[in-house]
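J.: I'd like to ask some things about the structure below.
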Amino acid sequence: MELGLVLRLLLLEMFISETQTQQASELISSECLKNTLHFTLSMELFKDKYLSFFAVDQSGIAWELDEALASQCGYTVTYSSRTSIVFRASALSCYSHLEKDVFTVTIQIKVAHAPDMKNATTHQKSASCSYGPQSPREIVCETNYMEVSVRRNVPQNEKDFILNEPQDWILSFSEAKAMEASMWQIVFHRPEEKRALLVSDAWRAGFGFSTTETRILLRVPYNAAQVQLVKVQGNTFSVVSSSMFYKQHWMILMVDTSVACPVDGVNYTNKTIIWTVPKYFQALCTGATGFKDVIVEAGVNLRKLSANEMASRKFVLSNDLNTITVKVPIGAEGGSYKTFVSSGKHGAKYSINLFLEHQWEDSKWGLTKYTVIKEIETPFEHVGLAVTNNPNLSTRLMNVTVGIFLLDVELVNLTIEGTTVTVSEAIQHGYLTYEIQYANRSKVYVIQVPFDAPGIKKEYTSDDTREYTLNVTLKFIIVPTSETFAVPLVTVTAVKDAVLPSARGFCDGNYFHLIITCGNVDQNWLPFISDQHLMPETAQKYSYSLSDNGTHLAVSVPFLSSLVDYKDIHISGVMASLHLTLKDGITLANRKGFSISCRFRPSELIQCLPNGTVVITAIKLVRLADLDTSLLVLRDRQCKPSLVTKKTATFKFNVNTCGTSRKFNSTSITYENDVLYFRPGNDIPVYQLKFVCVYTIKRSADVQYETKNNMPSSTKPGFGSLDLSMKIFKEKSYSEPYQELEYPVVKYLREALYFEVELLHPADPRLELNLENCWATNSQSQDSLPQWPILINGCENSEDSYRTVFHKVNYSLRVKFPQHLKRFEVTMFTFVQGTTLLQMQLYFHCSVVICSTTPLPSDMTCQRRCNPQKRLDRSAEPHPQGQVSSGAVLIRKIKMASKVFFEHCTILQNEFLIDEWSSLEIHEIPISTRV
């Protein structure tokens with residue numbers, strides 16, 4: 001490699017090192033406390049990141065610290081508060097450098113955004129502390145390890161060197177003599193055994209060691225195999241009884257390295273933490289006498305508190321004969337609350353990092369310094385959350401405050417109507433969230449939502465008031481543990497902004513019309529008439545129309561609908577009412593109602609047809625609630641209704657039947673009958689509807705009611721007589737024709753009629769029926785005017801907007817000879833007179849020609865199936881021809897188009913009495929009732 005390149009690389013390396021050091025200085029601070037070095041990391045700078053800690057030795061090698069290595073080597077990582085992470089290193093930790101009573105520790109921290117630590121950023125920090133004056137024996141009880149260090153200098157000869165009682169460490173003397181020279185050993189003393197290990201073996205077992213020119217140190221993790229749990233004055237201690245020795249040719253140096261640390265002793269009473277530590281105990285004081293307290297002090301985070309500071313924080317330090325007690329109020333300064341989750345509930349624990357230092361003198365050790373670092377965490381306590389709603393009515397904005405939370409809680413998402421969105425995505429739905437922090441290191445979250453945002457439920461309550469309900473679930477995460485919890489949030493705001501539905505109504509011809517202006521309170525209201533929910537799906541069944549343009553609901557109901565109530569019948573008219581109720585879509589409770597009443601001409605109830613057929617509709621009155629319309633009869637009680645609904649009964653009969661009476665005068669014939677209702681077992685009718693049909697003599701003719709719905713015709717051009725039939729069917733399947741009593745057939749414009757023309761006789765399979773022309777007239781006469789062409793020369797009328805549709809005839813049980821039938825479909829929109837839609841009676845006629853199924857080539861008539869051009873020549877072959885007609889068809893106005901109804905509106909009772917006559921003319925048909 002060229003020298004220039006090497007220099008450039010070295011300079012780059014130096015630049016990176018300097019940059020990392022500068023960054024580390026900004027991110028990591030250090031402090032010397034009680035022979036430990038504290039590195040403090042700001043939680044804010046490392047939030048939402050993954051950290052790895054490394055200790056760097058004198059060779060520059062970085063050793064990654066897991067929990068086991070940290071407790072073996074004298075390192076501790078703890079969260080001292082919600083805002084910082086503390087890395088503590090013991091003065092004699094594994095990779096520290098001690099020189100002239102100064103120890104130096106170097107750490108590395110790798111920071112990454114993913115747990116696999118890819119693309120991690122490395123920060124390195126070094127700091128030094130003075131290794132202060134040492135007591136003959138020092139014991140430190142850290143949160144993750146125990147540590148004991150003792151002097152190893154050779155003591156002077158003393159008069160009482162020979163002991164009266166054996167000590168545990170003396171029992172290791174035999175092992176010390178047997179070992180090789182210049183080899184450190186450790187002997188563990190347990191009641192059941194005594195075990196000696198080389199220091200190297202003890203290291204592999206998890207124990208930590210360190211030596212200086214004057215001291216020996218043993219570090220024991222709390223979970224080490226040689227640890228015993230011993231009760232002392234009701235408190236549990238972790239105890240390790242051990243001796244360490246070093247053998248040289250001329251001497252054996254043996255040191256007692258026993259250590260004991262309390263693992264409990266904390267109680268909680270009346271919002272107070274009570275921490276008790278026994279003063280002198282057998283494991284540390286074997287063979288010692290003459291105990292004397294030198295220093296007893298306590299503090300927080302290894303910082304001693306003065307008497308004034310203790311008093312201001314309401315700390316109490318008690319030094320009794322056998323115990324030292326520290327009392328701390330829960331929530332006191334120096335500690336912090338942390339958020340936790342238990343069984344899905346949000347709560348908190350108070351934690352404080354106390355320390356106690358006890359120095360005493362005794363006859364054996366002289367001065368012992370005993371330091372206990374105790375991280376205390378109170379039990380979980382559920383924290384209730386306050387929800388405050390301060391809406392801004394002028395801006396129509398909900399303003400909801402939720403809290404109080406600690407600073408370690410963050411809002412991550414919201415669930416709106418079952419959809420979970422992040423905080424940033426929620427803004428797009430109109431949900432703005434932000435936090436407000438307070439000086440006491442707590443905070444609240446504020447949610448601002450417009451009244452008309454998605455997920456806001458609107459409900460009319462009363463008068464002019466609506467309630468807006470915010471129902472959202474907030475999800476929070478706890479830093480840095482990543483625990484989550486949810487807070488369902490339901491808040492209601494009452495606003496006087498309700499606009500109730502209003503209505504106007506009128507009657508036109510045979511219909512009630514009700515138009516409702518919906519207002520703004522109809523979100524969950526459904527329209528009902530006579531307990532029938534109005535929907536487009538049922539509009540055809542009940543012959544009403546329903547439409548909604550977003551602001552208005554329009555309902556049109558026929559006068560003779562089962563949804564209508566009838567109050568009375570008089571010659572002046574029929575008083576009928578329509579009641580529409582808007583009901584709650586969930587509870588079906590009545591919200592608001594509208595009513596319209598109109599008088600309709602009685603001619604709507606009766607039809608006196610020219611052929612002597614009478615169609616009379618009897619109606620059920622409101623005051624006869626128990627009347628069963630199916631039990632209505634005519635004077636001849638054998639004459640019963642042909643069509644029954646809940647509120648009407650329709651009779652269809654000939655004037656010469658059913659007990660109808662008649663009267664003659666010089667100009668007319670009058671037919672009379674009654675519709676009657678008898679309660680069971682009673683011969684006096686409780687309902688009587690009299691009706692009259694008057695036929696003027698000059699317009700009368702021989703009326704002969706047909707037994708078939710066709711007018712048979714015949715022709716005899718060499719084939720004998722022909723019988724033809726023209727029927728109207730109810731559906732496209734041609735499975736059910738209209739029966740005799742169902743004529744005249746009532747159809748609305750745009751509805752279809754399905755015709756079938758059939759050759760009935762002769763039943764010769766060699767014959768085929770073809771249609772030539774079909775047309776419609778106002779009367780039974782085939783030649784009457786006006787006429788409306790349907791088929792011309794066997795083809796559909798090209799001038800029709802809705803053309804005739806032909807349907808294929810297939811063989812079936814009913815159809816033996818398909819060639820004897822022709823089927824076609826006619827749309828009623830075809831029939832107009834000028835620009836006026838027809839509302840009258842029509843008859844349909846067709847001319848037919850009978851052909852051979854195997855026509856000759858010269859037979860132009862039967863060869864041509866459909867020729868829309870005018871025929872110029874005649875076939876040389878003679879063909880039987882004939883004409884056939886249908887029964888009567890009544891055309892009515894087209895129904896109003898249905899639209900999906902807005903699903904809601906409100907109700908206070910209104911009634912409109914509209915005293916209008918029907919626009920249709922009536923004959924002299926007096927109608928009366930007797931109740």
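The values are calculated or read from the model by the stated rules, or taken from the named source; none is laboratory data. Small disclaimer: the values here were computed from a predicted structure and weren't measured. Quick reminder, even Gly has a Cβ in these numbers, built from the backbone with ideal geometry, and neighbours come from all protein chains shown. Calculation scope for accessible area: heavy atoms of the full protein, side chains included, ligands and nucleic acids excluded. Shrake-Rupley method; radii C 1.70, N 1.55, O 1.52, S 1.80 Å.
J.: For the cross-link pairs Lys314/Lys349; Lys304/Lys364; Lys34/Lys374; Lys620/Lys730, which exceed 24 Å when the distance is taken from alpha carbon to alpha carbon?
T.: Listed pairs above 24 Å: Lys304/Lys364; Lys620/Lys730.
J.: Could you report the accessible area of Asp201 in Å², rounded to 10, computed with a 1.4 Å probe on the protein chains as they sit in the structure?
T.: 60
J.: Given a Förster distance of 45 angstrom, what is the FRET efficiency for Thr517 paired with Ser847, based on the Cβ-Cβ distance and rounded to 0.05?
T.: After rounding, the FRET efficiency stands at 0.20.
J.: Stretch Ala589-Ser735 to full length: gain in nm at 0.36 nm per residue minus the Cα-Cα span?
T.: 48.1 nm
J.: In square angstrom, rounded to the nearest 10, how much accessible surface does Glu193 have for a 1.4 Å probe?
T.: Glu193 has an accessible surface of roughly 90 Å² with all protein chains in place.
J.: Using only the heavy atoms of the protein chains and a 1.4 Å probe, how would Arg750, Arg303, Arg137, Arg601 rank by accessible area, largest first?
T.: If we order Arg750, Arg303, Arg137, Arg601 from most to least accessible, we get Arg750, Arg303, Arg601, Arg137.
J.: Looking at region 452-604, I'd like the Rg to Rh ratio, where Rg is from alpha-carbon atoms and Rh is Kirkwood's inverse mean 1/r.
T.: 1.20
J.: Separate question: Nearest 0.05, what FRET efficiency do Leu229 and Lys457 give at R0 = 51 Å with Cβ-Cβ as r?
T.: That gives a FRET efficiency of 0.30.
J.: What percent do you get for the relative contact order of region 395-540 when only Cα pairs under 8 Å and 6+ apart count?
T.: 19
J.: Round to a whole number: what % of the accessible area of region 452-611 belongs to carbon and sulfur, probe 1.4 Å?
T.: 50
J.: If you don't mind, another one. How far, in nm, would the chain grow between Glu772 and Val815 when pulled straight, counting 0.36 nm per residue and subtracting the alpha carbon separation?
T.: 13.3 nm
J.: Over region 205-361, what is the relative contact order in whole percent, taking alpha-carbon pairs under 8 Å and six or more residues apart?
T.: For region 205-361, the relative contact order is 17 percent.
J.: What percent does the relative contact order of region 69-156 come to when contacts are Cα pairs within less than 8 Å and at least six residues apart?
T.: 20
J.: Compute, for region 266-403, the length of the dipole vector about the Cα centre, with Cβ point charges of +1 (Lys, Arg) and -1 (Asp, Glu) only. Units Debye, rounded to 20.
T.: Roughly 400 debye for region 266-403.
J.: Taking the Cβ of Thr121 as the center, what net charge do the other residues with Cβ under 12 Å away carry, scoring Lys and Arg +1 and Asp and Glu -1?
T.: Value of the local net charge: +3.
J.: List the lysines whose Cα lies under 21 Å from the Cα of Lys458, skipping any in the same chain that are fewer than 8 positions away.
T.: Of all the lysines, those that pass the test against Lys458 - Cα under 21 Å, at least 8 places apart if same chain - are Lys496, Lys583, Lys592.
J.: Rank these residues by their accessible area, most exposed first, probe 1.4 Å: Ser462, Ser394.
T.: If we order Ser462, Ser394 from most to least accessible, we get Ser394, Ser462.
J.: Give me the accessible area of Ile515, 1.4 Å probe, in Å² rounded to the nearest 10.
T.: 40
J.: Val294: net charge of surrounding residues, Cβ under 14 Å, Lys/Arg +1, Asp/Glu -1, itself excluded?
T.: Summing Lys/Arg as +1 and Asp/Glu as -1 gives -2.
J.: Still on this structure, I have one more. Please work out the FRET efficiency for the pair Glu67 and Glu381, using the Cβ-Cβ distance as r and a Förster radius of 30 Å; give the result to the nearest 0.05.
T.: Given R0 = 30 Å and the Cβ-Cβ separation, E is 0.60.
J.: Based on a Kirkwood Rh over C-alpha pairs, give the Stokes-Einstein translational diffusion coefficient of region 470-555 at 37 °C and viscosity 0.692 mPa s in µm²/s.
T.: Stokes-Einstein gives a translational diffusion coefficient of 191 µm²/s.
J.: Quick one: ranking Ile324, Ile586 by accessible area, 1.4 Å probe, largest first, what do you get?
T.: I get Ile586, Ile324, largest accessible area first.
J.: Can you return the lysines within cross-link range of Lys100? Criterion is Cα-Cα under 17 Å, with same-chain partners fewer than 8 residues away left out.
T.: none
J.: Given C-alpha coordinates of region 546-656, what is the ratio Rg to Rh with the Kirkwood estimate of Rh?
T.: The Rg/Rh ratio comes out at 1.06.
J.: Turning to a different aspect of this structure: I'm checking a number: the convex hull volume of the Cα atoms of region 379-436, normalised per residue, in Å³. What is it?
T.: In region 379-436, the Cα convex hull volume per residue is 122 Å³.
J.: What distance in nm lies between label points placed 7 Å from Cα along the C-beta direction at Val492 and Ser59?
T.: Between Val492 and Ser59, the label points sit 7.5 nm apart.
J.: Could you let me know the centre-to-centre spacing of region 732-808 and region 274-324, using Cα atoms, in angstrom?
T.: 115
J.: Note the full-extension length gain between Ser530 and Lys271 as 0.36 nm times their separation in residues minus their Cα-Cα distance, in nm to one decimal.
T.: So the chain would gain 86.6 nm between Ser530 and Lys271.
J.: Residues of region 209-224 with the amide nitrogen closer than 18 Å to a label point 7 Å from the Cα of Thr143, along Cα-to-Cβ, please.
T.: Taking a point 7 Å out along Cα→Cβ of Thr143, the residues of region 209-224 whose backbone N falls under 18 Å are 220-223.
J.: Quick check: the distance between the Cα centres of region 355-431 and region 589-612, to the nearest angstrom?
T.: Comparing the Cα centres of region 355-431 and region 589-612, I get a distance of 71 Å.
J.: Going from the alpha-carbon gyration tensor of region 631-683, what semi-axes, largest first and in whole Å, does one get by taking the root of 5 times each eigenvalue?
T.: Semi-axis lengths for region 631-683 are 25, 13, 9 Å.
J.: Please list, by residue number, everything in region 585-607 whose backbone N is under 20 Å from a paramagnetic label point 7 Å out along Cα→Cβ of Ser642.
T.: Once the point is set 7 Å along Cα→Cβ of Ser642, 603-607 turn out to lie under 20 Å by backbone N, inside region 585-607.
J.: For region 398-475, divide the Cα radius of gyration by the Kirkwood radius and give the resulting Rg/Rh value with two decimals.
T.: 1.04
J.: Can you list residues from other chains, or at least 5 along the same chain, whose modelled amide H is less than 5 Å from the amide H of Phe340?
T.: Gly347, Ala348, Lys349
J.: Express the Stokes-Einstein translational diffusion coefficient of region 200-294 in µm² s⁻¹, to the nearest whole number, given a Kirkwood radius over alpha-carbon pairs, 10 °C and a viscosity of 1.306 mPa s.
T.: 100
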